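Participant: What follows is a single structure, and I will ask about it in a moment.
The values are calculated or read from the model by the stated rules, or taken from the named source; none is laboratory data. Everything numeric in this text was worked out from a predicted model, so none of it was measured. Note: accessible area is taken over every heavy atom of the protein model, side chains too, but ligands, DNA and RNA are not part of it. Shrake-Rupley method; radii C 1.70, N 1.55, O 1.52, S 1.80 Å.
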Amino acid sequence: MDRKILLNLLNEEGYPNHMIDSTITKLELLNPVIKDSFDSWIEKGTTPDIEIEGYSFQMLVDSYGMKPVGAFLTLNWLTKDPETALRSLKRGIR
C-alpha cells in the first residue's frame, strides 16, 4: 500500500500528526488475512467480511463507534494478543 494513500486516509479519519507514522507502520504490518481485507477496502470500497474472536469489522464500526482504520487495527490486535484485546473490548476501551 502506498504511504501517500495511507497518509491521506489517516488525515481524513482525524489521526493526530504524532500518531501517523506509527499507525502507517502498523498498517503495513497487518496480519496477511486482515491486510488483504484492508487492501480490498481501500481499492474497491469492499466492506470486509472478517471476524476475529467473535468481533467483526462491521461490529467494531457500528457498535463500538470505531473508524475503519481503528477497526482493522483492532482486528489485528485480536490476532496478536487476543487475551488483552478481548479484555479491553469487554471494558469498552476502543
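Participant: Quickly estimate the mean residue ellipticity at 222 nm for the chain, helices only: each DSSP H run with n ≥ 4 gives -39500 (n - 2.57), and the total goes over all residues, rounded to 500.
Facilitator: -20500 deg cm²/dmol
Participant: In addition: Just the accessible area for residue 77, please: 1.4 Å probe, Å², rounded to the nearest 10?
Facilitator: Per-residue accessible area (residue 77): approximately 90 Å².
Participant: Counting heavy atoms of the protein chains only and a 1.4 Å probe, report the per residue accessible area for the stretch 1-53 as a whole number of Å².
Facilitator: On a per-residue basis, 65 Å².
Participant: Do you know the relative contact order of the stretch 20-89, to the nearest whole percent, from alpha carbon pairs under 8 angstrom that are 6+ apart?
Facilitator: On the way: 51 pairs, mean separation 18.7, N = 70.
Across the stretch 20-89, relative contact order equals 27 percent.
Participant: Please calculate the 1.4 Å probe accessible area of residue 26, with all protein chains present, and give it to the nearest 10 Å².
Facilitator: 120 Å²
Participant: Looking at the calculated P(r) for the chain, what percent of the C-alpha pair distances fall above 23 Å?
Facilitator: 19 percent
Participant: Any idea how many Lys pairs in the chain come in under 16 angstrom at the alpha carbon, given 8 or more places apart or on separate chains? Walk me through the numbers on the way to the answer.
Facilitator: Numbers: 4/26; 26/35; 26/67; 26/80; 35/44; 35/80.
Step by step, the pairs that qualify in the chain add up to 6.
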